[in-house]
Amino acid sequence: MESTKYTLAEDADIDAPAVSLRGWSLSGKQGDVFTDVDLEVPTGAVAVIRGPAGSGKTSFLLSLAGRMKVSAGEGRLGAIDIRKQARTVRGQVAVGHIGGLTDLEDDFTVAQHVAERQIMLQPWYKPWASKSTLRGVIALIQETFTTAGEMVDDLPPGTLSKQDAQRADFLIDDNGEVFVSELSELQKFFLEFGLASLSRPPVVVIDNIDYLRESADRARAWAGILIYQQMRRSRDPEDPLTVIVSCEDSSELDIATSSLGYRAEPSVLDLELPPHSPAQRGSKH
C-alpha cells in the first residue's frame, strides 16, 4: 500500500517536530480505519486532517492524543513514544473539541466549567478552585479576547473585524455567570478551546470543525486559532502551540489566513484521509 509522506519541518521555527508518525495504522473488526500514515507536524504549525465522514479522522486524533491504541506503526510526541507512554501523552495533548468527549453541560455556567477544569489541573489534594484563582483565570481570558479584538480591529473592510472577535467571546458577563445553554455554537467552540488551552499544552487537537454550521463561523473559528497561536508565540517564543484540526473542507482556513495577513503566518500542513484506504499525499496551503 502507498504510504502518506509529508514533512514541513523546514518551515518551522523550531527544528524538532511536535508529532512524528511512521506507518501509523488502525484496524478494527470492520476493517481498516486508517492505514500506513507517515506524518511530521512541525512545532508551532497547524495540521489539517481532511476527509469525508467515515474516513477515520476522529480515531486518528484520538490516537495522537494517547486515547486510542493503534494497530501498527511508530509515533512520537516530541521525544515521547505515543504507544508506550500514552498516559504522558494525554497530559501533553489537550482536546479542544471531540463530540462525546468534550461536551459542555448546558446547565453549568462558564465560570463553573472554568473552575472544574482548573481543579483538574491542580494536585489531587486540592479539589477546589479559590475565588481569587477563578478571577485570575477569567481575567486572563478577558485579556485574550481584548487582544484578539485589537489585532483584527484595523483589518481592511470586508475581512475580519472586532465584531467577529466579540461574536466568539463566551464571557458575556464579567464573572462568567452566563449558562452554556445561552451561548452560540461559536462561543461554545471557543469555550472548549479555551478550556483546553488553560494548561498551556504543546499540542491541541480539534475534531470536526465543520460542526459549526455557518461558513462565517468556521472562518471565525480558524481565525481565532491562528490568532491565539500568534499571541502565544509572541508571549513565549520557546513554547509555541501546535494545533491539529480535522474537517471535511478547509476552505474557511484560506479565508481566515488571507484576512489576517501578516498578523498570523502559520506553517500549514494538509493531510487527506479517504475512507478505508491509504491516506493520500497532502499539500501545503
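The values are calculated or read from the model by the stated rules, or taken from the named source; none is laboratory data. Just so we're clear, the structure is a prediction, and the values are computed from it rather than from any experiment. When we count neighbours, we look across all protein chains shown, and the Cβ atoms used for this are built from the backbone with ideal geometry, even at glycine. Quick note on the areas: whole protein, heavy atoms, side chains included, nothing else; ligands and nucleic acids left out. Shrake-Rupley method; radii C 1.70, N 1.55, O 1.52, S 1.80 Å.
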Note to self: Can you list residue pairs whose Cβ atoms sit under 6 Å apart, with the first residue in region 19-46 being under 17 Å from T58 (Cβ atoms) and the second being open to solvent by less than 10 Å² (accessible area, probe 1.4 Å) and hydroxyl-bearing (S, T, Y)? Count only pairs 6 or more apart in sequence or on different chains.
What the structure shows: V37/T4
Next item on the list: State the number of residues belonging to region 191-209 that are open to solvent by less than 40 Å² (accessible area, probe 1.4 Å) and either modelled with pLDDT under 95 or over 24 Å from F108 (Cα atoms) (or both).
Entry: 2
Notebook entry, point to check: Quick one: is A115 under 20 Å from F190 (Cα atoms), at pLDDT below 95 and surrounded by 12 or more Cβ atoms within 10 Å (Cβ to Cβ)?
Noted result: no
Notebook entry, point to check: When you scan region 40-63, how many residues do you find that are open to solvent by 10 Å² or more (accessible area, probe 1.4 Å), closer than 20 Å to L101 by Cα and of a type in the set (S, T, N, Q)?
Noted result: 2
Check: Restricted to region 38-61, and to residues that are of a type in the set (A, V, I, L, M, F, W, C) and in contact with a Leu (Cβ under 8 Å, 6 or more places away or on another chain), which residue is farthest from Q230 (Cα to Cα)?
Finding: F60
Check: Is there any pair linking a residue in region 79-105 that is surrounded by fewer than 16 Cβ atoms within 10 Å (Cβ to Cβ) and assigned to a helix (DSSP H, G or I) to one that is at pLDDT 95 or above and not acidic (D, E), with Cβ under 6 Å and at least six apart or on different chains, and which?
Finding: T88/I80; R90/G66
Next item on the list: Look at R167 and say whether it is open to solvent by 40 Å² or more (accessible area, probe 1.4 Å), over 18 Å from A94 (Cβ atoms) and of a type in the set (K, R).
Entry: yes
Check: Which condition number in (1) assigned to a helix (DSSP H, G or I); (2) under 21 Å from the mean Cα position of the chain (by Cα) is the one that L134 fails?
Finding: (2)
Check: Applying the selection to region 64-78, what residues are buried (at least 17 other Cβ atoms within 10 Å of the Cβ) and in a strand (DSSP E or B)?
Finding: G73, G75, R76, L77
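Looking at this structure, is Q187 closer than 30 Å to T133 by Cα, open to solvent by 40 Å² or more (accessible area, probe 1.4 Å) and under 18 Å from the mean Cα position of the chain (by Cα)? Step through it out loud before you land on a result.
Working: closer than 30 Å to T133 by Cα: yes; open to solvent by 40 Å² or more (accessible area, probe 1.4 Å): no; under 18 Å from the mean Cα position of the chain (by Cα): yes.
Taking the combined requirement at face value, the residue does not satisfy it.
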Next item on the list: Return the pairs, sorted by first residue and then second, in which the second residue is surrounded by 11 or more Cβ atoms within 10 Å (Cβ to Cβ), the first residue lies in region 113-134 and is of a type in the set (D, E, K, R), the beta carbons are less than 6 Å apart, and the residues are 6+ apart or on different chains.
Entry: R117/L195; R117/L198
Item checked: When residues of region 21-39 are limited to those that are buried (at least 21 other Cβ atoms within 10 Å of the Cβ) and of a type outside the set (A, V, I, L, M), the one modelled with the highest pLDDT -> W24
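Does region 143-158 contain at least one residue that is of a type in the set (V, I, T), more than 20 Å from the chain's Cα centre (by Cα) and farther than 29 Å from A216 by Cβ? Lay out the reasoning, then the answer.
In the first step, residues of region 143-158 are kept if they are of a type in the set (V, I, T); the result is 144, 146-147, 152.
Now narrow it down to the ones that are more than 20 Å from the chain's Cα centre (by Cα): 146, 152.
In the following step, the residues that additionally are farther than 29 Å from A216 by Cβ were identified as none.
Within region 143-158 (the criterion being of a type in the set (V, I, T), more than 20 Å from the chain's Cα centre (by Cα) and farther than 29 Å from A216 by Cβ), the answer is no, since none of the residues qualifies.
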